[in-house]
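In what follows, a structure is listed as structure tokens, so that the remarks can point back to it.
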Amino acid sequence: MSRSTRSEMVALVLGVVILVVSIVAAQAAGDFPGWGSGASLGLLAASALTIALGEWLQISAPGLRGAAPLATASAFGLCFIVEVPGSQPITYAAAVVIGVTAVATAVGVGARLAARHGVSFVEVTGRLVAVVVVALLYRTVHLGQAPGSTVIDSGQPPWRDAITMLAIAAVGLFADVALTAALRRLSAGAGLRRLVAEELVSSVALSTPVAVTGVLIALAAPTLGIAALPLFLVPLVLTLFAFRRYVSIRATYLQSIRTLSRLTDAAGYTPAGHSERVADLSLRVGRELALPEREMLDLEYAALLHDIGQVALVEPIPGGATVLAAPADQRRIEADTVAIVRETGVLEGVARILEHQTTPYRQVRELGEEIPLTSRIIKVVNAYEDLNRGARGRRSRDAALERIYLGLGYEYDPRVVDALLRVLDVAPHHSDQPPT
């Protein structure tokens, strides 16, 4: 089992545990028979439906963290609502809120799996944990609600309630980020602090409107009732449409880069499909090393364009294998590649990756030079593809890996090579030290 698969399995088990424990806790506390009037039951049903639909409509794109804003905002609203029109005082406590959310989430995720859509259990479990934290902090800690008892009015002005809800929502969202980073650390050598910072950066754009929407739903529910859900979720629905348009534009952009990357193939400088193979394998290695989504996007672009500088050569390199070229020729191709990429004016991050794609790893170990992990990934994967020549046979693969072992710790980062071996499902047989 690869490390990335291991983190997904841990997340799935944790999500199932939350589902089972919340249902058992609500039943043991006697909450199930005392859910209140029809209006309260209607709120639970409407929230469950919206959460399931939100999970079905979850969004993700290269460079952005996956999210389900409709589901999360609806779940937060359910956590914060303590009164609806035409009902007796609400008696269901945090366990019921968590249980309803967990069941609805499972339905939405199950529908996606049945339709063969992608699902990240790490991200799904992170969202579920955020709801657990918010429900417990607000209903149990802040309001002091016991299972089966009515909610006692906090006695605070509405603006103070709103600030309290926003603060608790922020804590819940941070719990999501922290858990996601911790799970992804299972498949990465990066420090937890760096992973948390990267998750925060990639999630803040959607987290703010999600938290605000959940609070607005709760503040409007005593007056509007169930109607508060669709009313305040409309802006997020519009955001989903805008996001899908953005994804379509990025897909067109990526297709343009793929077309540009085939220029070296068409001109006979590289074997057909070389850039696509390097990009595909680089992404698989990047996922194995738990690179954040923003870096994965730049990694894909850089891998597709890593050989574009060969078009400036007077004579093609035999077989297009830059790994077999003289170091001076490799640096010249690298410089031409970076110059071409910088001419676009919009790929500066990609250019920085390509600046170091031929830099030996020993300059990290011996000189402390800062070389992006993405550059080291492209260096290893490109060497493997150049030496393997796109062949599928085991003998060719082993010969290519043997050549890489000869430069382990000197030319190539051992951690990246280990990740490549896991992706190729090859048992490692080297140490982290360069060969003597």
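The values are calculated or read from the model by the stated rules, or taken from the named source; none is laboratory data. Quick caveat, the model's predicted, so the values are computed rather than measured. Cβ coordinates were reconstructed from backbone atoms using ideal geometry, including for glycine residues, and neighbour counts include every protein chain displayed.
Taking the residues in the stretch 363-399 that are within 30 Å of the chain's Cα centre (by Cα) and aliphatic (A, V, I, L, M) as candidates, determine which candidate is farthest from Thr270 (Cα to Cα). My answer is Val364. Of the helices (runs of 4 or more DSSP H) that lie entirely inside the stretch 226-339, those containing 2 or more residues that are at pLDDT 85 or above span 228-261, 274-288, 293-305.
Take the conditions farther than 13 Å from Leu304 by Cα, surrounded by fewer than 16 Cβ atoms within 10 Å (Cβ to Cβ) and over 26 Å from the mean Cα position of the chain (by Cα) and apply them to Pro222. Does it pass? Here the answer is yes, as Pro222 does meet what is asked.
In the stretch 342-363, the residues that are free of Cβ contacts under 8 Å to residues at least 60 places away in the same chain and closer than 12 Å to His306 by Cα form Cβ pairs under 8 Å with partners that are not aromatic (Phe, Trp, Tyr) and not in a helix (DSSP H, G or I), at six or more places apart or across chains, as follows: Arg352/Pro372; Ile353/Pro372; Leu354/His306; His356/Ile371; His356/Pro372; Gln357/His306.
So which residues in the stretch 268-286 are under 21 Å from Pro372 (Cα atoms), crowded, with 20+ Cβ neighbours inside 10 Å and touching a residue at least 60 places away in the same chain (Cβ under 8 Å)? Correct list: Val278, Leu281, Ser282, Val285, Gly286. Just one residue in the set Glu402, Glu355 is at pLDDT 85 or above and more than 32 Å from the chain's Cα centre (by Cα); that residue is Glu402. For Arg294, state whether it is surrounded by 23 or more Cβ atoms within 10 Å (Cβ to Cβ) and of a type in the set (Lys, Arg). No: the conditions fail for Arg294. Among the residues making up the stretch 114-145, those that are of a type outside the set (Val, Ile, Thr) and under 19 Å from Val20 (Cβ atoms) are Phe121, Gly126, Arg127, Leu128, Ala130, Ala135, Leu136. Return the only residue of Leu367, Leu421 being farther than 15 Å from Leu305 by Cα and in a loop (DSSP other than H, G, I, E, B). Result: Leu367 is the single residue among Leu367, Leu421 that is farther than 15 Å from Leu305 by Cα and in a loop (DSSP other than H, G, I, E, B). Is at least one residue of the stretch 346-360 closer than 14 Å to Val278 by Cα and in a loop (DSSP other than H, G, I, E, B)? Yes.
Residues are listed down the side, and each one gets a yes or a no for (1) surrounded by fewer than 21 Cβ atoms within 10 Å (Cβ to Cβ); (2) in contact with a Lys or Arg (Cβ under 6 Å, 6 or more places away or on another chain); (3) at pLDDT 85 or above; (4) among the β-branched types (Val, Ile, Thr):
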residue: Asp386; (1), (2), (3), (4): no, no, yes, no
residue: Ser396; (1), (2), (3), (4): yes, no, no, no
residue: Leu406; (1), (2), (3), (4): yes, no, yes, no
residue: Val417; (1), (2), (3), (4): no, no, yes, yes
residue: His429; (1), (2), (3), (4): yes, no, no, no
residue: Asp432; (1), (2), (3), (4): yes, no, no, no
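Annotation note: of Gly118, Gly77, the sole residue that is surrounded by fewer than 23 Cβ atoms within 10 Å (Cβ to Cβ) and assigned by TED's automatic domain parsing to the domain that holds Val212 is Gly118.
Report yes if some residue within the stretch 123-135 is in contact with a helix residue (DSSP H, G or I) (Cβ under 9 Å, 6 or more places away or on another chain), crowded, with 17+ Cβ neighbours inside 10 Å and not in a helix (DSSP H, G or I); otherwise report no. No, because not a single residue in the stretch 123-135 is in contact with a helix residue (DSSP H, G or I) (Cβ under 9 Å, 6 or more places away or on another chain), crowded, with 17+ Cβ neighbours inside 10 Å and not in a helix (DSSP H, G or I). Considering only residues that are within 37 Å of the chain's Cα centre (by Cα) and free of Cβ contacts under 8 Å to residues at least 60 places away in the same chain, look in the stretch 308-324 and name the one that is surrounded by the fewest Cβ atoms within 10 Å (Cβ to Cβ). Restricting to residues being within 37 Å of the chain's Cα centre (by Cα) and free of Cβ contacts under 8 Å to residues at least 60 places away in the same chain, the top hit is Val311.
For the stretch 379-396, does any single residue satisfy the condition of being basic (Lys, Arg), over 22 Å from Ser256 (Cα atoms) and in a loop (DSSP other than H, G, I, E, B)? Don't jump to the end; show me each part of the working.
Residues of the stretch 379-396 that are basic (Lys, Arg), as a first pass: 379, 389, 392, 394-395.
Remaining after also requiring over 22 Å from Ser256 (Cα atoms): 379, 389, 392, 394-395.
Right, trim to in a loop (DSSP other than H, G, I, E, B) and you get 389, 392.
Yes, some residue in the stretch 379-396 is basic (Lys, Arg), over 22 Å from Ser256 (Cα atoms) and in a loop (DSSP other than H, G, I, E, B).
When the residues of the stretch 126-174 are filtered to those that are at pLDDT below 90 and polar (S, T, N, Q), the one that is nearest to Thr105 (Cα to Cα) is Thr140.
Across the stretch 83-118, what is the total count of residues that are within 22 Å of the chain's Cα centre (by Cα) and touching a residue at least 40 places away in the same chain (Cβ under 8 Å)?
Here the count works out to 11.
Between Thr270, Thr239, the distinction of being β-branched (Val, Ile, Thr) and in the same structural domain as Leu195 (by TED's automatic domain parsing) belongs to Thr239 only.
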